[in-house]
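The values are calculated or read from the model by the stated rules, or taken from the named source; none is laboratory data. Because the structure is a prediction, the values reported are computed rather than measured. Here the Cβ is made from the backbone with ideal geometry for all residues, glycine too, and neighbour counts use every protein chain on show.
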Amino acid sequence: MSRTRFRQGHCGQCQRSPVELLSETRAFFQGAIFQKHHYFSTLGSNNTSGGGDEQKETISVTFVSKDGEEIPIRVPIGTSMLEAAHQNDIELEGACEGSLACSTCHVIVMDMEHYNKLEEPSDEENDMLDLAFGLTETSRLGCQIIARPELDGIRLAIPAATRNFAVDGYVAKPH
Amino acid sequence: MAIFRARRVLWRSFSTISSHPLRVCIVGSGPAGFYTAEKILKTHQGSQVDIIDRLPTPYGLVRSGVAPDHPETKNVINQFSRVAQNGRCSFFGNVALGSSISLVELQELYHVVVLAYGAESDRVVGIPGEDLKGVHSAREFVWWYNGHPDGRNLDPDLKNTDTAVILGQGNVALDVARILLRPTSELAITDIASHALTALEQSSIRKVYLVGRRGPVQAACTAKELREVLGIKDLYIHTKETDLKITPADEEEMKNSRIHRRIYELLSKAATAGPSQPSSGQRELHFVFFRQPDRFLESYDRKGYVSGVHLEKTGLKGIGSGKQIAIGTGQFENLSCGIVLKSIGYKSVPVDDLPFDNQKGVVPNVKGRVLSDNSGDPTSFENGLYVCGWLKRGPTGIIATNLYCAEETVASLSEDLELGVLASTTRLPKLGRDGLLQILDNRNVRVVPFSAWERIDKEEKRLGSLRNKPREKLISREELLKVAGSE
């Protein structure tokens with residue numbers, strides 16, 4: 001369920017000048033037109049993701065964007081991190097739409113405790129991780145991390161890839 | 001960080017504050033083109049982006065390069081089609097840079113031109129016999145089985161021989177090997193071109209050799225493709241055990257590269273698992289390492305046709321920074337075959353009025369900004385001209401590589417806009433889309449807009465459903481234009 005994303009700054013903390021806000025708002029509305037299925041309600045931080053009708057148990061997940069912005073969301077049990085990101089307009093690519101045929105939903109699990117709670121990646125996932133940009137020791141594919149109660153509080157960083165841009169398509173790293 | 005975000009807001013605002021909407025033309029509708037379009041549309045509100053392609057169909061190598069048995073890799077088409085459907089974006093197929101419209105004309109019509117037309121030619125081996133019949137480039141072979149209009153007349157002879165030699169061990173080489181060796185019943189339910197399926201059903205090829213200049217540690221393929229080819233049903237895999245010996249230099253290379261480590265592990269496991277001899281009638285895949293082609297051998301019975309490859313054994317030599325190259329040892333051997341597929345790399349094609357680095361096979365550029373010439377003078381850029389994808393970086397990487405490539409090129413473009421580098425052009429309105437369509441109409445060019453591609457898409461899917469395939473590709477330009485044009 002890959003969607004073209006136009007994510008709005010989710011900034012409760014920083015001071016913004018009225019001029020910035022005005023441009024941002026104009027851009028916001030143009031973004032809303034640009035993106036056919038933009039749900040205004042998903043800007044709330046304690047929102048259960050748009051999707052199922054039943055009230056599902058959710059866990060708290062925090063995405064950290066390429067710019068360092070923290071985006072806390074709630075994810076229903078059984079939903080993948082990729083789906084959750086898209087449902088909340090978080091800029092996480094998903095070229096192959098969750099079919100283990102690319103590495104664009106690569107996320108970095110920010111603490112070892114949560115990383116260790118994840119099941120070992122399959123051969124197929126490892127094959128795709130081989131190609132991920134900015135691979136780290138706690139990297140996983142977002143489409144393969146499925147929300148479970150034990151993962152409550154997990155923090156996932158979306159890697160910035162424009163530095164270390166390598167011709168071969170991956171960054172060689174001692175690993 | 002606040003400064004960075006303020007800059008971003010400034011870039012977004014620029015195109016709306018300016019009275020002339022930014023008009024961009026992207027040449028090439030593969031991943032590089034579409035990721036660039038998506039990024040520009042998102043970053044520059046008010047911008048208008050037109051994507052042209054010389055084929056009536058969009059998506060570049062996603063449609064004509066990705067193997068038919070890799071449908072999930074093609075899912076990215078859904079994302080690209082949403083970009084094309086954006087109101088500020090237009091796709092125009094059957095418009096060729098050079099013959100339909102020149103680069104200079106595009107630069108007059110648009111504020112910014114981004115060239116993303118990839119690499120449609122081949123590196124040559126450069127050895128005697130290369131023009132013997134039966135020696136093909138893997139690129140053309142892939143075009144052939146993927147139904148590319150320019151590949152349909154390849155007509156490779158798969159019936160005169162039981163042995164195929166593939167030069168190269170990258171993913172394209174593995175794709176070709178897999179298509180030659182997979183049971184055709186498995187291929188029959190993919191979007192493989194019908195003429196290729198028929199030829200493969202009648203093929204007498206039973207043995208495929210994948211020949212690489214260097215060793216298993218240097219093999220250019222990636223794990224998914226290797227795992228897949230090793231897992232083909234009832235296929236005998238062979239690798240010489242001596243080829244699997246690794247040196248300290250090899251270990252150093254593997255220490256620094258997860259991919260190469262895992263590839264080596266897969267190859268070693270495959271070499272030692274399984275029977276030591278093929279059973280009768282079993283298809284065979286041989287990994288041949290440390291061999292470089294010296295010349296192609298001509299058949300005695302069939303003049304003008306290839307009958308084998310004269311190979312030279314190689315050794316590895318370190319050239320610093322962990323890299324090892326192949327050096328000939330002066331020992332030779334022959335490998336008989338009836339067809340050779342060269343899979344040693346693609347190459348970009350230059351166009352008029354475009355600076356081109358013939359040695360590297362790319363347009364000289366710095367972070368996507370086209371340089372005026374090859375002299376390496378980093379201060380002399382072609383105003384408003386950018387590159388992305390293989391034309392910029394060389395023909396390596398995966399679909400996702402273009403995501404980051406586009407980000408870099410669009411960042412350069414955005415910076416140029418912000419710093420006023422493009423002020424001389426952006427000050428003025430440009431005709432853009434309307435101007436382009438007017439010129440093309442005057443020249444009787446049959447433009448295929450996205451809605452017309454959607455007609456082609458629908459028809460291909462309909463034809464495919466009659467044969468239990470996801471689609472039956474329309475192969476000839478005439479057919480494609482006919483369906484595109486019909487109501």
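Would you mind telling me which numbered condition in (1) more than 14 Å from every other protein chain (Cβ to nearest Cβ); (2) crowded, with 17+ Cβ neighbours inside 10 Å residue B:431 fails? Unmet for residue B:431, out of (1) more than 14 Å from every other protein chain (Cβ to nearest Cβ); (2) crowded, with 17+ Cβ neighbours inside 10 Å: (2).
When the residues of region B:242-266 are filtered to those that are in contact (Cβ under 8 Å) with a residue 12 or more places away in the chain and hydroxyl-bearing (Ser, Thr, Tyr), which remaining residue is farthest from the other protein chains (Cβ to nearest Cβ)? Among them, the one singled out is B:247. Against the criterion of being within 14 Å of another protein chain (Cβ to nearest Cβ) and at pLDDT 95 or above, residue B:44 qualifies.
Of the strands (runs of 3 or more DSSP E) contained entirely in region B:129-233, those carrying at least 2 residues that are more than 14 Å from chain A (Cβ to nearest Cβ), closer than 30 Å to residue B:96 by Cα and under 20 Å from the mean Cα position of the chain (by Cα) fall at B:135-137. Annotation for region B:418-430: no member residue is at pLDDT 95 or above, among the hydrophobic types (A, V, I, L, M, F, W, C) and at negative phi. Among the residues of region A:140-160, just one is outside any loop (DSSP other than H, G, I, E, B), of a type in the set (Gly, Ala, Ser) and either surrounded by fewer than 21 Cβ atoms within 10 Å (Cβ to Cβ) or away from every other protein chain (no Cβ under 14 Å) (or both), namely A:157. Looking only at residues in region B:267-285 that are among the aliphatic types (A, V, I, L, M) and farther than 16 Å from residue B:215 by Cβ, the one that is nearest to the other protein chains (Cβ to nearest Cβ) is B:273.
Taking region B:445-464 as the range and being polar (S, T, N, Q) and under 25 Å from residue B:142 (Cβ atoms) as the test, no residue passes. Annotation: residue B:417 fulfils all but one of (1) in contact with a Ser or Thr (Cβ under 8 Å, 6 or more places away or on another chain); (2) within 13 Å of chain A (Cβ to nearest Cβ); the unmet one is (2). Checking B:269, B:313, B:317, B:303 one by one, the residue that is in contact with a strand residue (DSSP E or B) (Cβ under 7 Å, 6 or more places away or on another chain) and free of Cβ contacts under 8 Å to residues at least 12 places away in the same chain is B:317 and no other.
From the set of residues in region B:246-257 that are among the hydrophobic types (A, V, I, L, M, F, W, C) and assigned to a helix (DSSP H, G or I), which is surrounded by the most Cβ atoms within 10 Å (Cβ to Cβ)? That would be B:254.
Contact map, region B:73-92: first residue facing another protein chain (nearest Cβ under 7 Å) and in contact (Cβ under 8 Å) with a residue 24 or more places away in the chain, second residue surrounded by 20 or more Cβ atoms within 10 Å (Cβ to Cβ) and in a strand (DSSP E or B), Cβ cut-off under 7 Å, separation 6 or more or different chains; pairs are B:83/B:89.
Restricting attention to region B:433-461, the residues being in a helix (DSSP H, G or I) and under 27 Å from the mean Cα position of the chain (by Cα) number 12. What about residue B:243, is it assigned by the TED database to the domain that holds residue B:138, in a loop (DSSP other than H, G, I, E, B) and within 21 Å of residue B:165 (Cβ to Cβ)? Taking the combined requirement at face value, the residue does not satisfy it. Considering (1) in contact with a strand residue (DSSP E or B) (Cβ under 6 Å, 6 or more places away or on another chain); (2) on the phi > 0 side of the Ramachandran plot, the lone condition that residue B:136 does not fulfil carries the number (2). Would you confirm whether any residue within region B:227-236 is crowded, with 21+ Cβ neighbours inside 10 Å and over 19 Å from residue A:137 (Cα atoms)? Taking every residue of region B:227-236 in turn, at least one turns out to be crowded, with 21+ Cβ neighbours inside 10 Å and over 19 Å from residue A:137 (Cα atoms). Listed here are the strands (runs of 3 or more DSSP E) enclosed by region B:337-423 that have at least 3 residues being buried (at least 22 other Cβ atoms within 10 Å of the Cβ): B:339-342, B:381-387.
Here's the yes/no breakdown for (1) of a type in the set (S, T, N, Q); (2) at pLDDT 95 or above:
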position	(1), (2)
A:131	no, no
A:135	no, no
A:145	no, yes
A:150	no, yes
A:154	no, yes
A:159	no, no
A:164	yes, no
